[in-house]
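Here is the structure we will look at.
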Amino acid sequence: MMFGVMLDDLGLPNARYSSYVHEDGEVSAIVTFYSPSRSPGKGLEQFKVGGSLAASTEMAEDSAAREGIRHIESSEDVRIEDLHYTALTWVTKSYKKLLWKSMKERKDRKNFEKQLSAAVKRMAGSSQNIVSLICDSRSLGQGSEADYRNEALTRIEGMANELSQVAKVVARNLKRRRNLQ
């Protein structure tokens, strides 16, 4: 097939194959094709190239086609480029880049999770310190000023408790996520 595409791209007629089955069951094939003549004034020159013995007609014809390609590559100074191989090479390089990027992102994510976990622990500790300070600061006295201060401290205590609960939930989610990986 590739040989046919090459001939077509060069504007040359299609190749013809002939095969022969030997007594031992092996098959040989000859490909006949036309190529520009090296002699000035001549148009196309006919060439016959044989391949190696093979187990089937298809394999023998493929072998002959490869020899035909080599003949044209050497005489016409052209090169066959396997686009599938080129695409495969590109995909392989892209895969490697994505793999490295994924590994880096995984490492970055783990570092972020460690930093977040440390921050959550600090938040939980800070909220406990706030609650302790509030309990120590409550006035046992009477009057509107003490009531105002106690009401503010109660609100702060509520926020500190809420902060502590958020820190616990985040810490639990981080731990669960780490256990899934």
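Below are the figures for this structure:
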item: Debye equation applied to the C-alpha atoms of the range 1-72, log10 I(q)/I(0) at 0.11, 0.22, 0.24 Å⁻¹; result: -0.28, -0.87, -0.98
item: Hz values of 3J(HN,Hα) by residue in the range 155-164 - Karplus curve (6.51, -1.76, 1.60), Gly and Pro given as x; result: 5, 4, 4, x, 5, 5, 5, 4, 4, 5
item: Under 5 Å, built H, 5+ apart or other chain: amide partners of Ser56; result: Val27
item: Stretchable slack from Val169 to Ala55, in nm (0.36 nm times residue separation minus alpha-carbon distance); result: 34.1 nm
item: Residue-by-residue Karplus 3J(HN,Hα) for the range 166-176, coefficients 6.51, -1.76, 1.60, Hz, glycine and proline x; result: 4, 4, 5, 5, 4, 4, 4, 5, 4, 5, 4
item: Cα centroid of the range 14-64 to Cα centroid of the range 104-125, whole Å; result: 68 Å
item: Probe 1.4 Å - accessible area at Met59, Å² to nearest ten; result: 110 Å²
item: Accessible area (Å², 1.4 Å probe, nearest 10) - Leu174; result: 10 Å²
item: Label point distance in nm, Leu88-His22, each placed 7 Å from Cα along Cα→Cβ; result: 3.0 nm
item: Listed residues Thr32, Thr86 arranged by accessible area, highest first, probe 1.4 Å; result: Thr86, Thr32
item: Ranking by accessible area, most exposed first, for Glu26, Glu151 with a 1.4 Å probe; result: Glu151, Glu26
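The values are calculated or read from the model by the stated rules, or taken from the named source; none is laboratory data. Here the structure is a predicted model, which is why all the values come from computation and not from measurement. All Cβ positions, glycine included, derive from the backbone under ideal geometry; neighbour counts span all protein chains shown. Accessible surface is based on the protein model in full, side chains and every heavy atom, while ligands, DNA and RNA are left aside. Shrake-Rupley method; radii C 1.70, N 1.55, O 1.52, S 1.80 Å.
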